[in-house]
Amino acid sequence: MTEPATGEMNSSLKLKSLYEGFRDADTIRALAARIGNEAKKLSAPLYIMEVCGGHTHTIMKYGLLGLIPDNVKFIHGPGCPVCVMPKERIDQAIALANMDDVILLTLGDMIRVPGSKGSLAQARANGADVRPLYDPLDALAIAKDNPNKTVVFFAIGFETSTPMTAVLLREAERAALPNLMFHINHVLVPPAIDAVMAEPATKVNAFIGPAHVSVISGAKIYRRAAEAHHTPVVVSGFEPVDVMESILRLVELKNHAESVVEVQYSRAVSEQGNLTAQALVDEYFEVRDSFRWRGLGPIPQSALKLRDKYAHRDAEIHFGDRLPVQEIDDHKACQCGDILRGLANPMDCKVFGRGCTPQTPLGSCMVSSEGACNAYYRYHGVQHVD
Amino acid sequence: MSTNSIQLAHGGGGLEMNKLIRNLFFKAFDNCILRNEEDAALLNLQGPTAFTTDSFTVSPLFFAGGDIGKLAIAGTVNDLAMMGAEPQYLSLGVIIEEGFPMASLEAIVASMASELKKCGAKIVCGDTKVVPKGCADGLFLNTTGVGRIVKPGLSAKNLRAGDAILVSGDIGRHGAAILMAREGLELESGLESDCATLWSSVEQLLVHPFDIHAMRDATRGGLAAVLNEWAAASDVMIEVDEAAVPVSDEVKGLCELYGFEATDLANEGTFVMALPAAQAEGALEVLKRFGHCEHAAIIGRVGESPAGRVILHTPWGSNRYLDLPAGELLPRIC
């Protein structure tokens, strides 16, 4: 299966191979010229949703917007695990972290996302034991080193990250570690696409599919959406050449009226995906009836939970009577919901760059480096207005 | 009493402390001012003087290319050098956690002494405290330094439209090395911190009649922070050619893996400089030929508008703002 975590990577891995060739200036310029020519044939504007925040980041970080003609627009989708996390789930994480003898572990930017009464970073500053991990498997050592504490892994992410949590759970079971528990917030991409397309006002008529998700789940997961919504989907890598090539293919497919799924990221994505990883996920997880997404509201069958067999590791069950359950919406001025649904651009939001900045985020899209507002703030450039 | 590790008694002001100071610190940093053992060092300062202080709390204490001791000397010496000052006298404050291995302390002190020799500065006074186990993370150091101003007038406020921007070496290696050491990554050999004293390189520049407007070592916040601070302080626009910024393959790869940007990562032996564009090639040649800065490069220029912003030009012809890094450096999620 795909390596579950960086810590397990082969030490001989040549990092250069991760990017070499995929940022070639001549190739990018040539692709830009071809997109320009092909886009002239479009009968109506193409509204491409890049579902994943990683693609938003690539588009902004590498300045690709400036190379794309005006009739090809981007709409930033709900594929950022930090952005879609509702406040009540963060409140639950904070409640766990504030309990005596609990160590709360999570990944990356999640510690900065505001819940209804602050973030995990603020809870940490107030004395809670909150630790960001680089590698989920580090949780094993922390649980072993703290036998008198309950270590809770606040698990987040899409199909890409779920196998990592499954591996961690498998290892915790094998090591018979009684004090490692899980608060599961893994979400699924296809139901989010359906939710976006169910919005009557949506303009989206093409998708860039998240490649990391398809490395695990395969290109097959987009087939139904492409047919149901009559939209082409190109599963794309994250380097600038990948994204430019994918945009070109989408424009070509639109010109030929083909609503098909294509894989640009063929170096890692297959039709079926990583079956070993899928089996591992299936062993430990099952689909929830419903999960409330920030900005999108409840979406049926859009997230995972632990199977009953592993209820002894489920922090939601174990601490259930002490976790807040009240659903909390974003600040009224915040337009993250519209942005995540593809109905607004970050710069349409009245508080963007004013009341809402990466240092003082009102909404989750401004928090994560994968978030659309954060990417626009960092790279597109707006003067901060006090 | 164990001599293999630091005990609370080593900070008690008595026999053990006396032994530690004499046998370790005095021996390593030996000079006549320190040996006088007065309540304060008596110095003979003349003319304009630069004065700076910095505390060091790095984790882990030892990393590829350096350690906290080398960092504590390089950090303060470099702050002086960046103001055009020849580093002369340093103080050293040491806070040690009870139980800290004596061998590690000795290695760190030896590393400091070695780094001091490269710049000619002396440690002339100091302070040692030992705190109970759990009250510090191993070892904290503070160094304060004074230096004689050789080249007056360097300032973050002095950039002018028409200046060129230079870096003295490839960027991001210290931040990347610390990350690798912290996370136990063994991905590619050869990635080392750039941690080093910069005075010898700066001295080579200052003997030439370059009209240098500003210098700054790109420490925490990296190149992005220095350029943004300069753009704001001088009320100018700075534009950078991304392709011209030297970044090692190892740092690029690590950035890929974690979603970081090399321009945000810390450096501890790389500085940024602004001077009139007409003098840039000459300064570059001096840095490369005499300053041991083989990766030095001209990376951009100073303009007027939009004032306060740094613009990055990509190799494929698009532009974006290079913003200030913010918050903790945390890896991306997917």
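The values are calculated or read from the model by the stated rules, or taken from the named source; none is laboratory data. Every value quoted in this text rests on a predicted model; they were computed, and no experiment measured them. Virtual Cβ from ideal backbone geometry, glycine too; neighbours counted across all protein chains shown. These area figures cover heavy atoms from the full protein model, side chains too; ligands, DNA and RNA do not enter into them. Shrake-Rupley method; radii C 1.70, N 1.55, O 1.52, S 1.80 Å.
A few notes on this one:
- Shown here is the pair-distance distribution of chain B: with all Cα-Cα distances grouped in 20 Å bins from zero up to the longest one, the shares run 31, 54, 15, 0 percent.
- Couplings 3J(HN,Hα) for the range A:72-80, derived from phi with the Karplus relation 6.51 cos²θ - 1.76 cosθ + 1.60 (θ = phi - 60°), are 10, 10, 10, 10, 8, x, x, x, 10 Hz, where x marks Gly and Pro.
- Spin-label pair B:K288/B:N31, simplified geometry with 7 Å Cα→Cβ offset, distance in nm: 3.5
- Heavy-atom accessible surface of the range B:184-281, averaged per residue, reaches 33 Å², computed with a 1.4 Å probe.
- Residue with peak Gaussian network fluctuation, chain A [Cα springs, cutoff 10 Å], from A:H186, A:H212, A:H331: A:H331
- Within the accessible area of the protein assembly as shown, the carbon and sulfur atoms contribute 50%, probe 1.4 Å, all protein chains present.
- By accessible area with a 1.4 Å probe, ligands and nucleic acids excluded, highest first: order of B:S305, A:S364, A:S259: B:S305, A:S259, A:S364
- Computed from backbone phi, the HN-Hα couplings of the range A:354-360 come to 10, x, 10, 9, x, 7, 10 Hz, rounded to whole numbers (Karplus: 6.51 cos²θ - 1.76 cosθ + 1.60, θ = phi - 60°; Gly and Pro given as x).
- Gained length - B:C135 relative to B:L15, 0.36 nm times residue gap less alpha-carbon distance: 40.9 nm
- Chain A: angle of helix A:275-284 to the longest principal axis, Cα-based, in degrees nearest 10: 40
- Take the Kirkwood radius over Cα pairs of the range A:293-335, plug it into Stokes-Einstein at 25 °C and 0.890 mPa s, and you get 188 µm²/s for translational diffusion.
- With kT/(6 pi eta Rh) evaluated at 20 °C and eta = 1.002 mPa s, and Rh the Kirkwood radius from Cα pairs, the range A:25-119 diffuses with a coefficient of 130 µm²/s according to Stokes-Einstein.
- Taken per residue, the accessible surface of the range B:5-82 reaches 51 Å², heavy atoms only and a 1.4 Å probe.
- Here the mean projected area of the convex hull built on the C-alpha positions of the range B:52-171 is 8.9 nm².
- In units of the compact-protein estimate 2.2 N^0.38 Å, chain A shows a Cα radius of gyration of 0.98.
- Taking the square roots of 5 times each eigenvalue of the Cα gyration tensor of the range A:25-78, largest first, gives ellipsoid semi-axes of 19, 16, 7 Å.
- Interface residues in the range A:31-75 - accessible area drops by 30 Å² or more relative to the isolated chain, probe 1.4 Å: A:K61, A:Y62, A:G63, A:L67
- Test item: A:233-244 mean partner chain Cβ contacts at 10 Å: 1
- Equivalent ellipsoid semi-axes - Cα gyration tensor, the range A:174-239, angstrom: 31, 16, 10
- Counting DSSP beta bridges with both ends in the range A:101-227, the antiparallel % (nearest 5): 5
- Under 5 Å, built H, 5+ apart or other chain: amide partners of A:V261: A:V233
- One equal scatterer on each Cα of the range B:200-330, no solvent, Debye formula: the resulting log10 I(q)/I(0) at q = 0.12, 0.17 Å⁻¹ is -0.47, -0.97.
- Peptides B:152-163, B:109-120, A:199-210 ranked from most to least packed by the mean count of surrounding Cβ atoms within 10 Å: A:199-210, B:109-120, B:152-163.
- Where trypsin sites (Lys or Arg not before Pro) fall in DSSP loop in the range A:313-365, at most 16 other Cβ within 10 Å: A:K332, A:K350, A:R354
- Alpha-carbon Rg with Dmax, taken over the range B:40-100, Å: 14.0, 44
- Approximate spin-label separation A:D338-A:R267, in nm, with each point projected 7 Å along Cα-to-Cβ: 3.9
- The range B:132-262: C-alpha gyration tensor shape, a/c 1.5 cut-off, then a/b vs b/c: oblate
- With N as its number of residues, the protein assembly as shown has a Cα radius of gyration that, divided by 2.2 N^0.38 Å, comes to 1.03.
- Couplings 3J(HN,Hα) for the range A:301-313, derived from phi with the Karplus relation 6.51 cos²θ - 1.76 cosθ + 1.60 (θ = phi - 60°), are 6, 10, 8, 10, 9, 5, 5, 4, 4, 10, 4, 5, 10 Hz, where x marks Gly and Pro.
- Two-decimal Rg/Rh across the range A:273-386, once Rg and the Kirkwood Rh are taken from alpha-carbon atoms: 1.09
- Rounded if a/c under 1.5, otherwise prolate or oblate - the range A:101-228, Cα gyration tensor axes: oblate
- Modelled FRET efficiency - R0 56 Å, A:V260 with A:D100, Cβ distances, 0.05 increments: 0.50
- Minimum 20 Å² accessible area buried by the other protein chains, the range B:301-316 residues, probe 1.4 Å, relative to alone: B:R309, B:P315, B:W316
- Relative contact order computed over the range A:131-191 (Cα-Cα under 8 Å; 6+ residues apart), in percent: 44
- Cα shape, the range B:114-193, gyration tensor, a/c 1.5 rule: oblate
- Residue of B:A164, B:A41, B:A177 that the Gaussian network model of chain B assigns the largest fluctuation, springs spanning Cα pairs under 10 Å: B:A41
- Summary value for the range B:102-260: 33 percent relative contact order, contacts being C-alpha pairs under 8 angstrom separated by 6+ residues.
- Inter-chain neighbour count for B:318-325: the average number of beta-carbon atoms from partner chains within 10 Å of each residue's beta-carbon is 6.
- Put the Cα centre of the range B:77-111 next to the Cα centre of the range B:194-269 and the gap is 23 Å.
- Rounded to 10°, Cα long-axis angle of helix A:162-174 versus longest principal axis of chain A: 20
- Residues A:D145 and B:R22, FRET efficiency given R0 of 45 Å [Cβ-Cβ distance, rounded to 0.05]: 0.70
- Sequence-distant residues sharing a close amide H with A:H183 (under 5 Å, placed H): A:F153, A:F154, A:A155, A:A315
- For B:K122, the residues whose modelled amide H falls within less than 5 Å of its own, excluding neighbours fewer than 5 places apart on the same chain, are B:Y89, B:L90.
- DSSP bridge orientation in the protein assembly as shown - percent antiparallel, rounded to nearest 5: 50
- Interface A-B: total buried accessible area of about 3700 Å², 1.4 Å probe, protein heavy atoms only.
- Cross-link pairs beyond the 21 Å C-alpha cut-off, checked among B:K70/B:K118; A:K87/A:K203; A:K40/A:K73; A:K41/A:K203: A:K87/A:K203
- In this simple spin-label approximation, B:Q279 and A:K203 carry label points 7 Å from Cα along the Cα→Cβ vector, and these lie 5.2 nm apart.
- Rolling a 1.4 Å probe across the protein heavy atoms gives chain A an accessible surface of 39 Å² per residue.
- Loop-located GluC sites (Glu not before Pro) in the range B:1-109, at most 11 other Cβ atoms within 10 Å (DSSP): B:E37, B:E38
- In units of the rule-of-thumb radius 2.2 N^0.38 Å, the range A:213-289 shows an alpha carbon radius of gyration of 1.23.
- Theoretical FRET efficiency, 1/(1+(r/R0)^6), r = Cβ-Cβ of A:V287 and B:T57, R0 56 Å, to 0.05: 0.75
- Angle in degrees between helix B:68-81 and the longest Cα principal axis of chain B, rounded to the nearest 10: 50
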